[in-house]
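The values are calculated or read from the model by the stated rules, or taken from the named source; none is laboratory data. Keep in mind that this is a model prediction, so the values were computed, not measured. A quick note on method: Cβ atoms are made from the backbone with ideal geometry, for glycine too, and the neighbour counts reach across all protein chains shown.
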Amino acid sequence: MRPFAFQRPDSLAHAHELTVPEDATAVAGGTNLLDLMKLQVETPERLVDINRLGMTEIQETADGGLRIGALATNTATANDDRVRADYPVLARAILAGATQQLRNRATTGGNLCQRTRCYYFTNIDQPCNKREPGSGCGAIDGIAHLHAVLGTSPSCIATYPGDMAVALSALDATVEIASPDSDERSVPVRDFHLLPGDTPCRDNVLERGEIITAVTLPRPVKAKHLYRKVRERSSYAFALVSVAAIVAVEDGVIARADLAFGGLAHKPWHDARLSELLVGEAPSAALFDKAGDLLLEGARGYGENDFKIPLARRTLAAVMAEATETEI
Amino acid sequence: MSKTITVNGTERPIPSDPRVSLLDFLRENEGLTGTKKGCDHGQCGACTVIVNGMRINSCLTLAAMHDGDSVTTIEGLGTPTSPSPLQVAFVEHDGFQCGYCTPGQICSATAMLDEIAAGFASDASEDLLGEMQASPEEIRERMSGNLCRCGAYANIVTAIREIAQGDA
Amino acid sequence: MSAHLKQDEPVTSNRLDGMKQGIVGQPLSRVDGLAKVTGTAPYAAEYKIDNVAEGVLVTAPITRGEVTSIDKDSVLSMPGVLAVLDDERLTTRAAQGTANEAPKQDPATVCYWGQPIAVVVAETFEQARDAAKHLKVEYRVHEGAPLDPHQVAPEEQEDETVNQGDLDAAMARAAHTVDVEIATEGHASAAMEPHAAIAEWRDDKLTVYASLQMPNYNIAELADSLGMEESNIRLVSRYVGGGFGSKLGISEETVAAAIAARELGQPVRVVMSRQQVFQCIMRRSETTQKLRLASDEEGKLDGFAHHALVSNLPGEEFAEPVLQSSHFLYGGENRQLKLEVARIHRMTAGSVRAPGEAVGMPALEVAMDMLAEKSGVDPVELRLRNIPDRNPEEDLPFSSHKLADCLRQGAEKFGWDSGPRKPRQQREGEWWIGTGMASAARVHNVGEAKAHVTLKSDGTAVVQSDMTDIGTGTYTIVAQIAGEMLGIPIEKVLVELGDTKHPRGPGSGGSWGAASIGSAVYVACEALREKLAHRAGTSETELDLRDGSVVGGNSLVELLDGEDISEVGHYEPGEIADSHTASGFGAFFAKVRVNRFTGETRVDHMLGAFGFGRVLNEKTARSQCLGGITWSIGVALTEALLFDPVDGHLVNCDLAEYHVPVNRDVQDVDVMMMEERDPVASPIQAKGIGELGMCGGAAAIANAIYNACGARLFQYPMTPDRVLAALPD
Ligand SMILES: Cc1cc2nc3c(=O)[nH]c(=O)nc-3n(C[C@H](O)[C@H](O)[C@H](O)COP(=O)(O)OP(=O)(O)OC[C@H]3O[C@@H](n4cnc5c(N)ncnc54)[C@H](O)[C@@H]3O)c2cc1C
Ligand code: SF4
Ligand code: FES
Ligand code: FES
């Protein structure tokens, strides 16, 4: 770790002020940032500890939704009674991630902002456009086992590694952001993370000095909530592919199908066309296949990760079959 | 603002270099080497300690972030002359071999039993809303954040089960 | 006084069985247990040494080349930095097990990505770690270093080669044949305690606290590296947080700490980061294996061929001994065995738990499963039919042979269905369920060992050796053997290990520790018993000791009459090693489920039945087996070192991306220990047990995957992507 000054703001305004400079970074749980600082992937000269700014509450919103504070721990969120009862996909996604020890520290804001697990990104002696713009991408010609098959660019094929945000994307949650020079702005989770394009160094829409204050969930809907994570050991492993699904069947036809996917792209992948395709149709293997075709239309593998294309298709089918109680 | 951490009941000053992880603070500044460093990156659980009642990886947090907090380490759970019931059960059921992951396992298990009692759910919980049980599968999932390369898992689960059932 | 036994003959007296204390074999809890569960057992980095400076290794980000310059000034002005050392004695590879001499030194020559080239020392760890990252080093790169074992001409290991009979003819006339290529990926030991050393000099005397499996060899390795006399070195390694081969030889941090401490005139500690442990300690070589089996109608082997290609760095002698058990496990008149090494630039390949069989057996036992299917013979029965009476290559007798018992009794306990087998017969929801089995085999080794046993006038005993306990239970079994022989309860035996100020033990490696050190203790105790018998006016063989007294006679305290008596027991394997084939045998049975959508595999139940001679402590022996089975799951499903194709660096160099099994991966596990007395294996009739538990287990899982879903995989580990790719339809 490089030496840094440790700062602790006493208000949100103060936090903005402290985090505006290029060399300052906010720390919440620290489970991602400190990991990367030890590797010198992140080298802030000022570390701004935002943990004493409150923002831990989980409260109902005026329109019947739920507002989860940016500093609520993953454990608090997953075990909140309202989350468990009304948004089980979120509880399930959080519980499928990391370990209890990590979830006890990890926060809503930090989890959304966690960086890729690309092996080349975390090794400062390797080329990586995300870490060091212009240095090249080690993964494209290297080991791309974990990497993306959707929305990649010639500069970067990394994935967003998290689970929670995949559920938030399926739920169509909103990220509440406090900006230094304006009031709060709200960004749908689906738009929060960016695709790599030519600027893979940017993971998400946050500007310097901005602080996530909360994530807001819309009013709950009656539907089946599933989170399926495919991984290489039975726990404590990142997703190869994951699917968050909120699905309802009425009178034999699909009435709702909000799906999001992890492990496939630089962001939790949400494709509105899937829901258009599925809603109104009777569940069947053929339908799920079509959904798979649509999802993976533009997919491209990089050798090592070619498997993600069939795996995503199959996992989608498995989840839809389970959600709609269809034998396939 | 206080600049101390309570370690096993005693208030201790926080070191001046903010880079010092809670783990290094415990091991180097406090000489509490029962807490182990297996990876220093949140990937093994050997450094698990209990902070304000919650188990965390002490390697992925800074001592400076914990002023005013209360930390319990393996040394605070029991001693050779007065071991905790879980420590005794680990010996009895041979829940370790080399012993390096063991303090982390025991801190983790200690907190885990409280979590189950408090109704925390896990990835293995079939019903998120039901009562939580210390079933073998629940224990396995909840203890999966503590790697044991010696492969003592089966015995670890047996040891924890014994204490969990005793509690019930 | 010392007593010596060189074992040239079988020892059938089974003396331990005749002793009266009755503690050998008992499932006693570890004597070091409380120290470990309370965190009071000190591991290498944890000795409280005053004024210790912190060293961090600097590693090269190139594959092959030379260091042309190191700009020491680039870090010497950083706060707290004390020194940058690139001393030519710094070692750049871990020493191989039992090397007994310095490993490769010369840090200016880089042979693999991640090789240590210097050490930076500072007042605190944070300062040193930061400075190590900042050090400016220039390299001259030698392009074109070979990285792919399949792209270079391999070297044949001629002493492994067997050409017996006519394999091609056997294949041509066989009723059933199997001809298959199976690959395994590299593995890391990944012991939970990272490599660490603290070095301290007093005048010309060096003490190093380090994490070592074999101080008895390590002391020579360190002495040779530093150019000094062994007699000026003391190594302390009382608790070792796992070894699994990675700490057999000294590694880079030990030499670096010693050199730095000398240079600075203050103690220095060097602890490797987890990434460094992955990048510059031993890997198990990947293997590509070709198996050919030829059998008659009933599955009896007539031809047997096993070829393996492994890799290592140029200049390394070690070649993963893949064929080790293939030489004798099954019969077959016509045999061809060949081991080849490709020279490539990845970190040193060396011993990782059960070198050889850990990967050879999983391949062989998949081939056997295929033969069972082709011949229509039940897999258990097929193995039974092919157990040879004598070593089929050297025509030697086996020291003992428990394979048939393990197969039969294991099958019974597991509930093995010997009916016709077809894939995809059982489904539960999304999961296909299947079973599989495999044989286990692991050659037995022993090593020369000394132990100092003192019976004190107060009736307690002290056993001392530089032998280590790496989790194997050595402290406990040594206390049991001494207590048994001397007739005292285990609480009265103090065992002091892991310190070279004591006599040389065998070291912990190749599963030989318990049998070897146990034999040295046994030899010493026999001599002590002679003395006691003399004092008691009887003969040693008539002397019955229990609970601190001659049964029906004087107490030890009375016999000793204020005197301590002591003996150094010296055990050496003798000619017997050449006149017999000694091996542990066993059988694995697995029940798995495979997700038909995602290809994920879970091992629901695993049973291992093992015969490894005398069980010295049922509890710790069982734990060793559980550990081996856990590793089998890792080999089968999760563990693979991934190397970059461009520069050969290890990409998944941490515990997040190198997947050792987690608790949830290990479901129901059963261990059956088939007690036996092996008179050849050691004077205490015990064999090695630490590794057998993973020698073939992965194949039981692979065969169960096939039985579950019809996917026959030829590559370990069987991750979801590979299972999906192999699914029929
Ligand atoms: C071994 C390991 C395994 C893991 N496995 C999983 C897994 O399976 N699934 C999964 O989803 N995750 C996993 N994680 C990641 C873990 O979930 C994240 O590290 C965690 O959620 C990050 O939260 P944090 O509060 O600790 O973030 P920090 O480390 O504190 O911060 C991360 C980033 O977010 C920024 N940030 C934090 N809070 C805010 C805010 N309020 N406003 C603006 N910016 C903010 C920080 O500046 C920093 O850049 C794993 C982590 C480890 C170490
Ligand atoms: S995939 Fe992205 S993160 Fe990974 S090396 Fe390439 S640019 Fe860097
Ligand atoms: S040392 Fe903290 S998790 Fe490994
Ligand atoms: S006891 Fe050795 S790692 Fe768990």
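So that you can scan it fast, the table gives a plain yes or no per residue for (1) away from ligand 1 (no atom under 16 Å from the Cβ); (2) outside the structural domain of B:G145 (by TED's automatic domain parsing); (3) part of a helix (DSSP H, G or I); (4) at pLDDT 95 or above:
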| position | (1), (2), (3), (4) |
| --- | --- |
| B:T33 | yes, yes, no, yes |
| B:C39 | no, yes, no, yes |
| B:G42 | no, yes, no, yes |
| B:A46 | no, yes, no, yes |
| B:R55 | no, yes, no, yes |
| B:A64 | no, yes, yes, yes |
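Just one of A:P133, A:P196, A:P200 is away from ligand 1 (no atom under 12 Å from the Cβ) and closer than 25 Å to C:I62 by Cα; which is it? The conditions single out A:P133. Do you know which of the residues in the range A:144-190 that are within 14 Å of another protein chain (Cβ to nearest Cβ), within 14 Å of A:V243 (Cα to Cα) and surrounded by 24 or more Cβ atoms within 10 Å (Cβ to Cβ) is farthest from ligand 3 (Cβ to nearest atom)? Going through the qualifying residues, I end up with A:A167.
Residue-level check: of (1) over 30 Å from A:A144 (Cβ atoms); (2) touching a residue at least 24 places away in the same chain (Cβ under 8 Å); (3) away from chain B (no Cβ under 14 Å); (4) away from ligand 1 (no atom under 13 Å from the Cβ), A:V215 misses just (4).
Here's the yes/no breakdown for (1) in a loop (DSSP other than H, G, I, E, B); (2) surrounded by fewer than 24 Cβ atoms within 10 Å (Cβ to Cβ); (3) touching a residue at least 40 places away in the same chain (Cβ under 8 Å); (4) β-branched (V, I, T):
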| position | (1), (2), (3), (4) |
| --- | --- |
| C:T454 | no, yes, yes, yes |
| C:G459 | yes, yes, yes, no |
| C:D466 | yes, no, yes, no |
| C:D469 | yes, no, yes, no |
| C:T472 | yes, no, yes, yes |
| C:I477 | no, no, yes, yes |
| C:Q480 | no, no, yes, no |
| C:E484 | no, no, yes, no |
| C:L494 | no, yes, no, no |
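Annotation for the range A:259-266: at least one member residue is within 14 Å of ligand 1 (Cβ to nearest atom), assigned to a strand (DSSP E or B), of a type in the set (A, V, I, L, M) and buried (at least 23 other Cβ atoms within 10 Å of the Cβ). Scan the range C:653-662 and tell me whether some residue there is more than 16 Å from ligand 3 (Cβ to nearest atom) and β-branched (V, I, T). The answer is no, given that none of the residues of the range C:653-662 is more than 16 Å from ligand 3 (Cβ to nearest atom) and β-branched (V, I, T).
Considering (1) outside any helix (DSSP H, G or I); (2) farther than 30 Å from C:E298 by Cα, the lone condition that C:A183 does not fulfil carries the number (2).
Here is a check on your reading of the model: is A:D63 out of contact with any Phe, Trp or Tyr (no Cβ under 8 Å at 6 or more places or on another chain) and more than 9 Å from every other protein chain (Cβ to nearest Cβ)? Talk me through it step by step, then tell me what you get.
Working: out of contact with any Phe, Trp or Tyr (no Cβ under 8 Å at 6 or more places or on another chain): yes; more than 9 Å from every other protein chain (Cβ to nearest Cβ): yes.
In short, yes.
Would you confirm whether any residue within the range B:19-31 is touching a Gly at 6+ places or on another chain (Cβ under 8 Å) and assigned to a loop (DSSP other than H, G, I, E, B)? Talk me through it step by step, then tell me what you get.
Going residue by residue through the range B:19-31, those that are touching a Gly at 6+ places or on another chain (Cβ under 8 Å) are none.
Taking every residue of the range B:19-31 in turn, none turns out to be touching a Gly at 6+ places or on another chain (Cβ under 8 Å) and assigned to a loop (DSSP other than H, G, I, E, B).
Of the listed requirements (1) more than 16 Å from ligand 4 (Cβ to nearest atom); (2) touching a Gly at 6+ places or on another chain (Cβ under 8 Å); (3) touching a residue at least 60 places away in the same chain (Cβ under 8 Å), B:G166 misses just one: (2).
Among what's in the range A:1-42 and is in a loop (DSSP other than H, G, I, E, B) and of a type in the set (S, T, N, Q), pick the residue that is farthest from the chain's Cα centre (by Cα). Before the answer, list the steps.
At the first step, the residues of the range A:1-42 found to be in a loop (DSSP other than H, G, I, E, B) are A:1-4, A:8-11, A:20-23, A:28-32, A:39-42.
Keeping just the survivors that are of a type in the set (S, T, N, Q) gives A:11, A:31-32, A:40.
Working: A:S11: 27, A:T31: 15, A:N32: 13, A:Q40: 23 Å.
Per the criteria, the residue is A:S11.
Where helices (runs of 4 or more DSSP H) fall wholly inside the range B:71-123, the ranges with 3 or more residues that are away from chain C (no Cβ under 11 Å) are B:102-117. So is B:M143 modelled with pLDDT of 95 or more and within 17 Å of A:A78 (Cα to Cα) or not? Criteria not met by B:M143.
Please enumerate the residues belonging to the range A:110-125 that are within 19 Å of C:G648 (Cα to Cα) and facing another protein chain (nearest Cβ under 10 Å).
Within the range A:110-125, the subset within 19 Å of C:G648 (Cα to Cα) is A:118-125.
A:C118, A:Y119, A:Y120, A:T122, A:N123, A:I124, A:D125 - these are the residues of the range A:110-125 that are within 19 Å of C:G648 (Cα to Cα) and facing another protein chain (nearest Cβ under 10 Å).
Of all residues in the range C:134-145, those satisfying the criterion of being crowded, with 18+ Cβ neighbours inside 10 Å and not in a strand (DSSP E or B) are C:L135, C:A145. Out of the residues in the range C:567-599 that are in a strand (DSSP E or B) and within 14 Å of chain A (Cβ to nearest Cβ), state the one that is surrounded by the fewest Cβ atoms within 10 Å (Cβ to Cβ). Filtering the range C:567-599 for residues that are in a strand (DSSP E or B) and within 14 Å of chain A (Cβ to nearest Cβ), the one surrounded by the fewest Cβ atoms within 10 Å (Cβ to Cβ) comes out as C:N595.
Within the range B:73-98, can you find the residues that are of a type in the set (D, E, K, R) and either closer than 20 Å to B:G45 by Cβ or touching a strand residue (DSSP E or B) at 6+ places or on another chain (Cβ under 9 Å) (or both)?
So in the range B:73-98, the residues of a type in the set (D, E, K, R) come out as B:75, B:92, B:94.
Selection gives B:E75, B:D94.
Of all residues in the range A:194-252, those satisfying the criterion of being basic (K, R) and closer than 30 Å to A:P154 by Cα are A:R202, A:R208, A:R228, A:K229, A:R231.
Taking the criterion of being under 20 Å from C:W431 (Cα atoms), assigned to a loop (DSSP other than H, G, I, E, B) and among the aliphatic types (A, V, I, L, M), the residues of the range C:670-729 that qualify are C:A711, C:L713, C:M718, C:L727. Quick check on the range C:383-416: of everything there that is in contact with a Lys or Arg (Cβ under 9 Å, 6 or more places away or on another chain) and part of a helix (DSSP H, G or I), which residue is surrounded by the fewest Cβ atoms within 10 Å (Cβ to Cβ)? The qualifying residue surrounded by the fewest Cβ atoms within 10 Å (Cβ to Cβ) is C:A404. Among what's in the range C:642-685 and is closer than 30 Å to C:P61 by Cα, of a type outside the set (V, I, T) and within 8 Å of chain B (Cβ to nearest Cβ), pick the residue that is surrounded by the fewest Cβ atoms within 10 Å (Cβ to Cβ). By that ranking, first place goes to C:A656.
Looking across B:E162, B:E137, one residue alone is out of contact with any His (no Cβ under 6 Å at 6 or more places or on another chain), more than 8 Å from every other protein chain (Cβ to nearest Cβ) and assigned to a helix (DSSP H, G or I). It is B:E162. Selection of strands (runs of 3 or more DSSP E) fully inside the range C:50-133 by the criterion of at least 3 residues being crowded, with 18+ Cβ neighbours inside 10 Å and in contact with a helix residue (DSSP H, G or I) (Cβ under 9 Å, 6 or more places away or on another chain) returns C:53-59, C:81-85, C:116-122.
Given B:T79, B:T72, B:T110, which one is away from ligand 1 (no atom under 16 Å from the Cβ) and free of Cβ contacts under 8 Å to residues at least 12 places away in the same chain?
Just a single option satisfies the conditions, and that option is B:T79.
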